[in-house]
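Step one of this worksheet: look at the structure below.
The values are calculated or read from the model by the stated rules, or taken from the named source; none is laboratory data. Keep in mind it's a predicted model, so treat the numbers as computed, not measured. Neighbour counts are summed over all protein chains in view; Cβ atoms, including those assigned to glycine, are modelled from backbone coordinates with ideal geometry. With ligands, DNA and RNA removed, areas are computed over all heavy atoms of the protein, side chains included. Shrake-Rupley method; radii C 1.70, N 1.55, O 1.52, S 1.80 Å.
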Amino acid sequence: MAGKRKNYGAEFKAKVALEAIRGELTVAELVAKHGVHQTLINTWKRQALEGMSAIFSGKAEAKAAEKEGEIEKLHAKIGQLVVERDFLVKASGR
C-alpha cells in the first residue's frame, strides 16, 4: 500500500516553477533541493509558462468573470430550490 499523497500549495508550486524557468539550477538540483519529483517540476514549469500567456491576453480576466456569472446562477438556483422545498414541506403537512 502506498503512502499518503502530498499536496503542494500554489505558492510552493509557483516558487519551484519560477526557479525552473530561471534555469539557475538544473532539474536534478531542484529535485534534491525541494524533494519533489522531476515530472512535477516539469509539469509546474509548463503550466506556469502556459498560464503567463493567458494573463497577458486577458483570458484570465474573462475566465474569472465567467466563473462569477456561473456562481451567481448557481446561487439563484439554490435559492429557487430552497423555496420549492419549503413550499412542498408545508403542502405535505409535515
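For the reader, a short list of remarks on this structure follows.
- Charge sum, other residues only, whose C-beta stays under 9 Å from LEU25's C-beta, Lys/Arg counted +1 and Asp/Glu -1: -1
- Centre-to-centre, using Cα atoms only, the range 4-41 and the range 49-94 are separated by 34 Å.
- Of the whole protein surface, VAL83 contributes about 100 Å² of accessible area at a 1.4 Å probe radius.
- With each label modelled as a point 7 angstrom along the Cα→C-beta vector, the ARG5-THR43 pair spans 0.8 nm.
- Within the range 1-52, GluC sites (Glu not before Pro) in DSSP loop having at most 13 other beta-carbon neighbours inside 10 Å: GLU24
- Probing with 1.4 Å while keeping every protein chain in the model, the per residue accessible area of the range 45-93 equals 90 Å².
- Accessible area (Å², 1.4 Å probe, nearest 10) - LEU49: 90 Å²
- Fraction of accessible area attributable to carbon and sulfur, the chain (%, probe 1.4 Å): 59 percent
- Expressed per residue, the C-alpha convex hull volume of the range 33-94 stands at 140 Å³.
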